[in-house]
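Student: Have a look at this one.
The values are calculated or read from the model by the stated rules, or taken from the named source; none is laboratory data. Just so it is clear, the model here is predicted, and its values are computed rather than measured. Cβ: placed from backbone, ideal geometry, glycine included. Neighbour counts: every protein chain shown.
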Amino acid sequence: MPDDCARWQKTWTDLHPDWELRFWREKPDMPLLGDLFDCAESPAVKADILRLELIWSQGGVYIDTDMECYKNIEELLVGCKAFGCIEYDPKIYGLPGPSGINNCMFGATPHHPAIEALIRAADASLSRLEPLGGPRVFRETLHLRTDVRLFEQDLFMSLLPGQSGQAAQGAYAIHHFEGSWR
């Protein structure tokens, strides 16, 4: 793991001492999406598939390695069964859709219906031989769901590619957009 990413991941364990941070370097048992995982050629697509399978089966919080934590997020998750983050204004990227929900950070209880919907959307996307585009699947699937808490951009602000700087005042975390998926 690059030094910056290791440092950013440490911010999560420092601010969430009761959490268990897990890294998946090998394919675990994947009863739902294992065949899609095996067929995927791109490491980015494999990562998109793996994160869905793991959150579906185990629950928890998924965090990209290039996310840096500024404040403990547990207060935001009280009573929350599933969440996602609006990370950017999609118009900046010329993307369709009403939201910039990204897959860099999300979470749910095990077997949550929203994660099941994401899995169905990912499966359908790959079955049509379309690129998975994890953020696209999240954007198109989660924006109308009432069973998912969506946190606004100022809480989990992203740095656009090529930008540098600090998170907005009050931000809990920042996504550095390192692009390790490329």
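Student: Test residue 110 against the criterion of being surrounded by fewer than 15 Cβ atoms within 10 Å (Cβ to Cβ), in contact with a Gly (Cβ under 8 Å, 6 or more places away or on another chain) and either modelled with pLDDT of 70 or more or of a type in the set (Lys, Arg) (or both), and give yes or no. Quick ask: steps written out before the conclusion?
Tutor: Details: surrounded by fewer than 15 Cβ atoms within 10 Å (Cβ to Cβ): yes; in contact with a Gly (Cβ under 8 Å, 6 or more places away or on another chain): yes; either modelled with pLDDT of 70 or more or of a type in the set (Lys, Arg) (or both): yes.
Judged against the criteria, residue 110 is a match.
Student: Another question, then. Give me the pairs: first residue in region 23-40 and assigned to a helix (DSSP H, G or I) and at pLDDT 80 or above, second residue exposed (fewer than 11 other Cβ atoms within 10 Å of the Cβ) and small (Gly, Ala, Ser), beta-carbon distance under 9 Å, and six or more apart or on different chains, which are they?
Tutor: So the pair list comes out as 36/127.
Student: Now for a separate question. Select from region 115-125 the residues that are crowded, with 23+ Cβ neighbours inside 10 Å and closer than 15 Å to residue 84 by Cα and write down the one among them that is modelled with the highest pLDDT. Can you show your working first?
Tutor: If we filter region 115-125 for residues that are crowded, with 23+ Cβ neighbours inside 10 Å, which is where we start, we get 115, 118, 122.
Applying the additional criterion that residues be closer than 15 Å to residue 84 by Cα yields 115, 118.
Details: 115: 95, 118: 92.
Residue satisfying both the conditions and the ranking: 115.
Student: Here is a follow-up. From the list 45, 78, exactly one residue is crowded, with 17+ Cβ neighbours inside 10 Å and modelled with pLDDT of 80 or more. Which is it?
Tutor: On the way: 78 fails: crowded, with 17+ Cβ neighbours inside 10 Å.
Going through 45, 78 in turn, just one is crowded, with 17+ Cβ neighbours inside 10 Å and modelled with pLDDT of 80 or more: 45.
Student: Another question, then. Against the condition under 22 Å from residue 171 (Cβ atoms), surrounded by fewer than 21 Cβ atoms within 10 Å (Cβ to Cβ) and at pLDDT 85 or above, how does residue 84 come out, does it pass?
Tutor: Working: under 22 Å from residue 171 (Cβ atoms): yes; surrounded by fewer than 21 Cβ atoms within 10 Å (Cβ to Cβ): no; at pLDDT 85 or above: yes.
It is false that residue 84 is under 22 Å from residue 171 (Cβ atoms), surrounded by fewer than 21 Cβ atoms within 10 Å (Cβ to Cβ) and at pLDDT 85 or above.
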